[in-house]
Ligand SMILES: Cc1ncc(C[n+]2csc(CCOP(=O)(O)OP(=O)(O)O)c2C)c(N)n1
Ligand SMILES: CC(=O)[C@@H](O)[C@H](O)COP(=O)(O)O
Ligand SMILES: [Mg+2]
């Protein structure tokens, strides 16, 4: 940030002459590039809205006027201008500031975001609240991207806004990109609007016709007036999607032309009712590599700012790679397999499959609810969809999982990516709840692999048999030991776990890759003369009752470990079994406590919440009475 401008708050900004603003934008960009180059984070969306952010805080009276950033991954310039410059070095770090707007963090963050397409509903709520209170002066602004605009929620809100008619401004930040290429008919429509093919051409034809020197003079005044009214109220209105919803459409405007933006926003300010300003920007503006390879620069890791080369390139195998490769292999031998992603094509490692078999991969936009019901439709017609959704985003489609898939016993494979803590995106993005919200759904099969081989086998098993209804496989973001070179597929028995290690003193039941921590902990516990048995549950539904009977009849102390919320999770399922079967043993459940897990690296969070190797060793020693339990289960200093 510019030392000589010394901008800490929008008030400082508003004291600058409009002519200084472009220079300030350059300095903000430079700061952002430096910061993300050394720390990683969301990048190109923020670079794309620098001018827009400056213009909004310049023209509107934030924080009194309300400003909501959709998704919030583009809000870094907003954070820098609203008092968080000095703390920005801690962005996304444990105990640092959030990478997204957060009401806990700043009065300038009118609404917390992280998940997409909530901004119009939220700002409409605030605008209606102001109207209800009789406040007709406060301004309400939502900034939403073209990707976020593809979601049903955005249209539900527009539908409502066009009816309620409160004072609000939606800024459609159209950079013609989602994380990957934006898909869907809306994108084509927006491109038509920006290139002026239809709406703007029609507008100017009509204007010409009505102002033609000869014509109107020859028409009776009344006829000309009626014609004008009809054209504006009908033809023009219904040729624009937003106008048809009773929302005044303005634009397109160049979102990097700062004086123009300031001028347009000033003009829009006094216009009552809901308005939409179509703003065209370039994702990654100001950093050449990010302006071309958009997907790569959406949220890069550390990089060399001079060359754009990635630093600390990760060469380890990830669950995502295993998923992408396995699905291609399975699809090659099973023509029924179809992949679906709601706008997370590269994040879900489906890019190669899309290249190899484009007609079998559907990127349906940011539409989790639709994605699930679309999968249900494909399944109802005999295909086998692998519906790949991040755990946190699946929360949106809960009713669709129940009503459209499970109730109809349709064969949909839910590939639940980013299960467990996801890291620096923090509480909005952790996959904490899927076990708890899925395991109460009748008939669903729910599994989580401990390693890459098991993962492949589960994906194979989900298509290798008779009809099974919904089959969910949850797996985390990140690294796994690579597959053995000769690994073939094994069909796994549904609802069967496995014994990893025998032991006499205590049994640990784990679900998913955290089983690796358990393996390491059991070894370490030998040094404390504790002989610990380890079982991999593999399935959280149905539970392996035979295995559980064995465990509860042999051990008086049992610990469960999972990367998910404790309340309602796999450990809770085990506890229900124990109580229902009349076993009386000491049971300790490790996982995420009853709080929204904070941000930090995955490793830091596993440690913080006590289910990494160290936490497991500690828990075993505590329940075995070898060490005293600390005061609190977990603490954030
Ligand atoms: C409900 C939900 N689904 C998916 C995502 C992941 N996601 C974050 S940003 C993004 C793309 C948004 O595109 P757009 O709104 O155009 O913003 P841009 O990245 O282009 O600035 C996606 C898919 C999310 N945050 N929330
Ligand atoms: C803002 C958002 O929702 C995405 O950009 C998300 O941060 C991607 O997460 P991954 O990096 O784990 O794909
Ligand atoms: Mg976009």
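Throughout, read-outs are computed from the coordinates displayed, never taken from laboratory work. All of these numbers come straight from a predicted model, not from anything done at the bench. For neighbour counting, all protein chains shown are included, and Cβ atoms are generated from backbone atoms with ideal geometry for every residue, glycine included.
Worth a mention:
- Residues residue 383 and residue 479, FRET efficiency given R0 of 25 Å [Cβ-Cβ distance, rounded to 0.05]: 0.20
- Note on residue 529 and residue 603: the extension gain reaches 24.0 nm, defined as 0.36 nm multiplied by sequence separation minus the Cα-Cα distance.
- Gyration tensor verdict on the stretch 319-474 (Cα atoms; rounded if a/c is under 1.5, prolate if a/b is larger than b/c, oblate otherwise): rounded
- Cα long-axis angle, helix 185-195 against the chain (0 to 90 degrees, to the nearest 10): 30
- Sorted by Cβ neighbour density within 10 Å, fewest at the top, the residues 155, 60: 155, 60
- Using alpha-carbon coordinates, inclination of helix 119-133 to the longest axis of the chain, degrees: 60
- Global geometry of the stretch 498-623, whether rounded, prolate or oblate, following the gyration tensor of its Cα atoms and the 1.5 cut on a/c: oblate
- The gain in end-to-end length when the residue 291 to residue 314 segment is fully stretched comes to 6.0 nm, 0.36 nm per residue minus the alpha carbon separation.
- Spin-label model distance (nm) - residue 8 vs residue 579, 7 Å beyond Cα toward Cβ: 5.3
- Whole-Å semi-axes of the stretch 32-89's equivalent ellipsoid (Cα gyration tensor): 20, 12, 10
- Paramagnetic label zone (point 7 Å from Cα along Cα-to-C-beta, residue 359; backbone N under 16 Å) in the stretch 381-412: 383-384
- Over the chain: helical MRE at 222 nm, DSSP H runs n ≥ 4 each giving -39500 (n - 2.57), nearest 500: -10500 deg cm²/dmol
- Overall Cα dimensions of the stretch 496-563, principal axis frame, Å, largest first: 35, 26, 15
- Rotationally averaged projected area of the chain (alpha carbon convex hull; nm²): 33.6
- Rounded Å value of the spacing that divides the Cα centres of the stretch 404-431 and the stretch 156-200: 28
- Using a Förster distance of 60 Å, the FRET efficiency for residue 520-residue 195 (Cβ separation, nearest 0.05): 0.55
- In degrees, nearest ten, helix 152-164 long axis to first principal axis of the chain (Cα): 40
- Shape category assigned to the stretch 29-166 from the gyration tensor of Cα positions, a/c cut at 1.5: prolate
- Distance between the modelled labels on residue 546 and residue 408, one decimal in nanometres: 3.5 nm (7 Å Cα→Cβ projection).
- Inter-label distance, residue 64 to residue 254: 3.4 nm, where each label sits 7 Å from its Cα along the C-beta direction.
- Span from the the stretch 281-301 Cα centroid across to the the stretch 354-395 one, whole angstrom: 27
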